[in-house]
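The values are calculated or read from the model by the stated rules, or taken from the named source; none is laboratory data. Here the structure is a predicted model, which is why all the values come from computation and not from measurement. Cβ atoms come from the backbone with ideal geometry, glycine included; neighbour counts cover every protein chain shown. Quick note on the areas: whole protein, heavy atoms, side chains included, nothing else; ligands and nucleic acids left out. Shrake-Rupley method; radii C 1.70, N 1.55, O 1.52, S 1.80 Å.
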Amino acid sequence: MSADTVRFSEERLAEIAELVKRYPGPQSALMPVLYMAQEDFGYISMDAQKMIAEVLGLRLMQVREVVTFYTMFKEQPTGKYLLEVCTNAGCMLNGAYELADHMCGTLGIRMGETTPDGLFTIAEVECAGACGGAPVVQVNNIYHEKATPASMDALITQVRADGGVE
Amino acid sequence: MTQLFINDQEVDVTPGTSILEACRQNDVDVPYFCYHPELSVAANCRMCLVEVEGWGKPAASCCTPVSEGMKVKTQSETLAKDREMMMEYLLIHHPLDCPVCDQGGSCKLQDYTVEHGASKGRYSEPKRAVINYELGPFVNTCMTRCIHCTRCVRFADEVAGTGDIGVLNRSDHMTIAGIVEGALSSELSGNLPDICPVGALLDKPSHDVSRPWEMTSHSSTCIQCPNGCDISIESRGDQVMRIVPVDGSPEPWICDRGRYVYDAFRSDNRILSPMVRQDGALQSVDWSDAFDRTIDLLKDKKVGILFSSQWSVEGHVAISLMRDALFPDAKVAFDLHRRDMRPFAFEEGLAMTTSQIEAADQVVILGSDLRQRLPLLMQRLRKRGRAGKPVSRIGAMNYRTNMEIGRDALIRPRDWHGVIARAMEQVSELGKTAAGFDAWLGAVSDRHEAGKILADALISDSCALLVGEEIRSHEDAASLIHGVDLLMRACGHAEAGNDGRNLIPEGVNAQVLSAVFADARVSAGDIFAAASAGELDALILIGSDPVGDGLFPSAAKAALQKVPLVQIGSISGEMADYADVQLPAAAYSEIEGTFVNMEGRVRVATNPIKSLGQERPLWKVMMRLIQVMGAEVPVVSLDELRSAVCQHLSALSDAWCVSNQDSALIAPNRNRDAAALPKARTDSFELDVVSRYSMYREGMWARASALLTEAGELNALDDVLVHPDTLAAKGLSAGELVVKSFLGEQCFNIGVREDVTPGVLFIAKRGVAGDLSDVTAASIDGGAV
Ligand code: SF4
Ligand code: SF4
Ligand code: FES
Ligand code: FES
């Protein structure tokens with residue numbers, strides 16, 4: 001995909017134009033626009049970032065800084081289910097590393113990888129902001145607090161059994 | 001003023017000043033990393049903590065404004081502890097590799113660790129390492145040493161205007177990175193290593209070569225553009241190792257051209273001993289043999305003298321003394337970029353200082369590629385843009401500026417008359433006029449809408465016009481400048497104190513040169529024409545390269561093939577092909593001398609580095625020449641020479657009294673009666689020719705520098721550029737095409753770019769297409785010959 005082929009649809013562009021009006025400047029609309037891009041394209045490639053910079057009149061670096069700051073934004077394609085294990089202090093003390101290792105074992109992949117069937121990607125994230133429920137695993141947009149090897153195994157087995165259908 | 005107490009000392013500062021600035025202004029030491037007086041405040045290193053009485057916790061002094069009666073403490077036991085912790089934190093991932101780091105010896109991290117840090121770290125877990133990234137030919141990265149102060153990020157955003165450095169990721173994964181591999185598209189990139197407080201960004205050309213404490217520093221002036229920055233030339237032994245800006249000078253930065261030109265000082269292109277052509281090749285000889293040959297070539301001959309503006313004022317006056325003593329009738333030329341020699345209503349030089357330009361209500365750039373020509377003035381304009389002040393521009397190309405230009409018009413050089421006429425009409429309607437409007441308007445039939453931009457700006461209270469090379473080198477420059485002068489008078493921008501008429505000169509010392517050589521000056525083109533016509537017996541060339549630079553390369557070649565050449569200079573350029581004799585004169589790093597920049601600021605260099613070879617200061621070479629040619633030597637010491645200078649320019653005498661370095665600015669010449677009226681065009685070529693100035697390629701020094709040449713290659717454009725419509729109108733497409741001009745028909749590789757005004761032939765790569773610089777108009781015709 002090149003910057004010419006990654007394009008928002010006309011409807012999206014109209015939506016963005018409306019959105020921008022709500023803010024003091026186009027830069028403030030960056031976060032929602034990034035979400036849109038992720039929804040439309042699955043992930044936010046470098047070309048998509050360039051396109052967004054153009055659409056909002058920002059510098060590419062301004063877009064890149066935000067994309068890389070938040071772990072919710074993906075620069076690479078991910079599996080259908082993205083398992084994000086928080087390994088920051090709170091979760092780490094509550095066994096996040098052991099949990100992550102266990103999950104990798106169950107999935108048969110290493111940290112950051114995607115299963116060959118394209119169902120799961122596992123990633124490590126910094127504080128998910130739900131330390132009270134440590135250890136936390138975010139599965140797509142759903143938080144699983146006080147996660148255990150058993151609860152995660154169950155989740156993975158369930159998804160596999162359903163064949164990825166939600 | 002706000003009054004506060006710093007360590008029980010009462011001090012007064014301007015309201016709104018930060019505590020850190022207040023401390024700095026009063027010589028109180030507070031450690032800091034991320035703060036930089038020229039950049040916005042990020043307050044992210046937390047090194048600048050101080051205590052304020054009554055506050056529960058220490059304050060970051062860089063982002064805390066002073067308040068009346070505030071009691072600040074910069075030293076206490078708690079602060080010592082805090083600073084120790086900050087240092088421990090900043091050093092957690094640091095590789096502690098000072099022995100192999102170039103910054104060692106001039107590193108804040110190192111200094112503060114000694115001053116404030118604990119002698120031993122407690123961290124024993126694994127450290128992270130960060131991947132380096134590519135920042136172009138001048139900046140080396142070692143990102144594991146980075147402390148994330150973001151100075152470089154703010155520099156790229158705010159000063160360079162490129163915004164291509166940023167903070168990626170966060171927390172433990174945070175890195176500083178460039179946007180695209182291999183490119184840092186700033187002409188100011190060499191400043192990055194200077195502002196990085198640690199060894200993360202380092203100077204690439206001098207990387208792993210020397211240590212800070214081995215260097216001797218020599219203060220001097222950069223002559224690579226009319227800005228004439230203060231520079232400190234750092235040498236180890238006789239070798240120049242690097243050039244850096246000087247603290248406390250008007251600009252804290254210098255550009256890449258002025259900084260990296262230093263490798264030309266030791267290039268093979270230098271003239272380091274007297275040379276004489278024997279059996280077709282230049283051979284090194286001793287001074288007396290070289291002078292013998294010079295006498296043969298010059299004694300009782302008719303000569304033309306051409307010199308460069310890059311010499312010191314003393315050098316220039318010595319040239320004039322030499323002319324008076326040996327060739328009183330000889331014509332001299334020093335500007336390779338001026339076609340119209342009629343006096344200009346306002347001569348070269350700025351009427352304003354760059355900080356006044358930054359503050360003016362309106363700034364209009366008239367035909368100049370400022371980013372390439374005056375990178376530091378461009379940087380000032382960017383600063384102005386950030387403060388919300390407008391910059392407009394009219395010119396032949398949408399030159400890249402790395403800032404937002406408010407109103408911008410693309411015009412052809414032949415449209416300038418129409419632009420000025422349109423502006424005159426608009427201001428007249430508002431009742432603003434000057435004697436001379438009618439005569440000027442009467443001579444021009446065209447009107448060009450871009451004149452509106454100019455007229456709108458002129459209505460403001462203060463308006464700085466930056467009149468550039470497209471007007472200065474115009475065939476009808478005197479009338480254009482007269483027209484602009486009338487406009488400025490009509491709108492009240494010509495009075496002392498509010499004079500906005502700035503004619504950007506080609507080089508340093510412009511004000512001095514127009515005063516010293518006012519009568520004897522002719523166009524370089526005239527001298528070449530006279531030589532080609534057999535009216536001259538020889539040419540004396542003192543430090544310029546009319547084949548490599550300027551507007552007369554073809555004429556120069558023709559002349560040099562016809563008459564013998566005596567070259568006096570520090571560097572050969574392409575003249576080694578033509579010279580019969582070369583006499584070495586010291587480079588600007590090797591002399592005591594005085595320079596006047598475009599604002600009229602006077603700078604005196606006093607501690608030169610040692611000559612590399614047999615070169616002598618130019619004034620001595622001139623006096624020696626006078627002596628061997630049998631005339632009476634007018635001055636025998638620098639002091640006598642300087643008194644001779646003062647006869648021309650009394651203003652300079654202040655500059656040489658040690659106590660008074662801040663002498664008055666030298667104002668550019670004004671010729672009130674220069675009332676040139678517009679001339680009608682006589683040729684029928686449909687395209688106007690404009691040549692590009694590249695900061696990496698222009699001038700002998702730059703071309704002799706391998707570093708600048710490398711950077712120039714990264715920035716190269718096609719040989720010749722036109723707007724796509726220009727070709728489309730003729731049914732042609734980009735590629736090898738024939739260009740017709742007064743020089744005949746030549747074939748060039750022509751590219752297209754939307755940035756060029758339709759109807760303009762833009763010579764992007766001099767050298768390849770350099771010969772076209774001689775002409776002002778041409779037409780494109782059909783395919784390859
Ligand atoms: S590279 Fe240097 S200037 Fe840039 S953030 Fe790191 S330490 Fe600061
Ligand atoms: S801006 Fe001009 S004077 Fe200053 S360093 Fe660059 S070339 Fe030299
Ligand atoms: S540490 Fe895991 S959610 Fe905060
Ligand atoms: S200098 Fe104040 S926080 Fe860095």
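Put the Cα centre of the stretch A:87-166 next to the Cα centre of the stretch B:579-608 and the gap is 70 Å.
Averaged per residue, what accessible area in Å² does the stretch A:1-128 show with a 1.4 Å probe, protein chains only?
Working: 6380 Å² over 128 residues.
Each residue of the stretch A:1-128 exposes 50 Å² on average to a 1.4 Å probe.
Each peptide in B:197-203, B:158-164 gets a packing score, the mean of other Cβ atoms within 10 Å over its residues, and the list from highest to lowest is B:197-203, B:158-164. Computed per residue of chain B from DSSP H runs no shorter than four, each worth -39500 (n - 2.57), the mean residue ellipticity at 222 nm is -7500 deg cm²/dmol.
If you count, for every residue in A:59-71, the Cβ atoms of partner chains within 10 Å of its Cβ, what is the mean? It would help to have the intermediate numbers written out before the result.
Numbers: counts 7, 5, 14, 3, 1, 5, 7, 1, 2, 9, 7, 2, 3.
Mean number of neighbouring Cβ atoms from other chains: 5.
For the stretch B:602-700, just say rounded, prolate or oblate: build the C-alpha gyration tensor, square-root its eigenvalues into a ≥ b ≥ c, call rounded for a/c under 1.5, and beyond that prolate if a/b exceeds b/c, oblate if not. Prolate, because a/c is 1.5 or more and a/b exceeds b/c. Between the helical axis of A:60-69 and the longest alpha-carbon principal axis of chain A there is an angle of about 20 degrees. Students often get this wrong, so check it: of B:302/B:679; B:299/B:562; B:81/B:108, which have C-alpha atoms separated by over 24 Å? The answer is B:302/B:679.
Could you please report the charge total around residue B:429, scoring K, R as +1 and D, E as -1 over all other residues with beta-carbon less than 12 angstrom from its beta-carbon? Intermediate results must be reported in sequence, preceding the final value.
On the way: positive: B:422, B:432, B:452; negative: B:425.
Computed value for this residue: +2.
How much net charge surrounds residue A:133 when only other residues with a Cβ under 11 Å from its Cβ are counted (Lys, Arg +1; Asp, Glu -1)?
Values: positive: A:146; negative: A:145.
Cβ neighbours under 11 Å give a net charge of 0.
Computed from Cα atoms, the angle from the helix B:553-562 axis to the main principal axis of chain B rounds to 50 degrees. For a modelled paramagnetic label at residue B:284, 7 Å from Cα along Cα-to-Cβ, the residues of the stretch B:255-272 in reach, with backbone nitrogen under 15 Å, are B:266-272. What separates the Cα centres of the stretch B:494-566 and the stretch B:1-70 is a distance of 53 Å. Principal-axis analysis of the Cα atoms of chain B puts helix B:287-298 at an angle of about 40° to the longest axis.
Taking the Cβ of residue B:572 as the center, what net charge do the other residues with Cβ under 15 Å away carry, scoring Lys and Arg +1 and Asp and Glu -1? Walk me through the numbers on the way to the answer.
Details: positive: B:266, B:270, B:277, B:703; negative: B:268, B:545, B:549, B:574, B:577, B:580, B:615.
Around residue B:572, the charge tally is -3.
Residue by residue, the stretch B:6-20 carries 3J(HN,Hα) couplings of 10, 6, 6, 8, 7, 9, 10, 9, 5, x, x, 4, 7, 4, 4 Hz when phi is fed to the Karplus relation 6.51 cos²θ - 1.76 cosθ + 1.60 (θ = phi - 60°); x denotes Gly or Pro. Buried surface for the B/A pair, taken as the accessible area of each chain alone minus that of the pair with a 1.4 Å probe, is close to 1100 Å² in total.
What percentage of the solvent-accessible surface of the stretch B:649-741, computed with a 1.4 Å probe over protein heavy atoms, is contributed by carbon and sulfur atoms? Could the numbers behind the result be given before it?
Working: 2220 of 4530 Å².
C and S atoms contribute 49 percent here.
Over chain A, dividing the summed -39,500 (n - 2.57) contributions of all DSSP H runs of at least 4 residues by the number of residues returns a 222 nm mean residue ellipticity of -14000 deg cm²/dmol. Note that the stretch B:508-525 has calculated 3J(HN,Hα) couplings of 6, 6, 4, 5, 5, 5, 5, 6, 6, 10, 3, 7, 7, 6, 10, 7, 4, x Hz, one per residue in order, obtained from phi through the Karplus relation 6.51 cos²θ - 1.76 cosθ + 1.60 (θ = phi - 60°); glycine and proline are x. Residues whose amide H comes within less than 5 Å of that of residue B:750, counting only those at least five positions distant or on another chain, are B:735, B:736, B:737 (H built at 1.01 Å from N in the peptide plane).
The mean accessible area for residues of the stretch B:563-707, using a 1.4 Å probe and ignoring ligands and nucleic acids, is 41 Å² per residue. Mean per-residue shielding of peptide B:168-176 is 4, counting Cβ atoms of other chains within 10 Å of each Cβ.
Across the stretch B:55-69, coupling constants 3J(HN,Hα) worked out from phi with the 6.51/-1.76/1.60 Karplus curve, θ = phi - 60°, read 8, x, 9, x, 10, 6, 5, 5, 10, 10, x, 6, 9, 4, x Hz, and Gly and Pro carry x.
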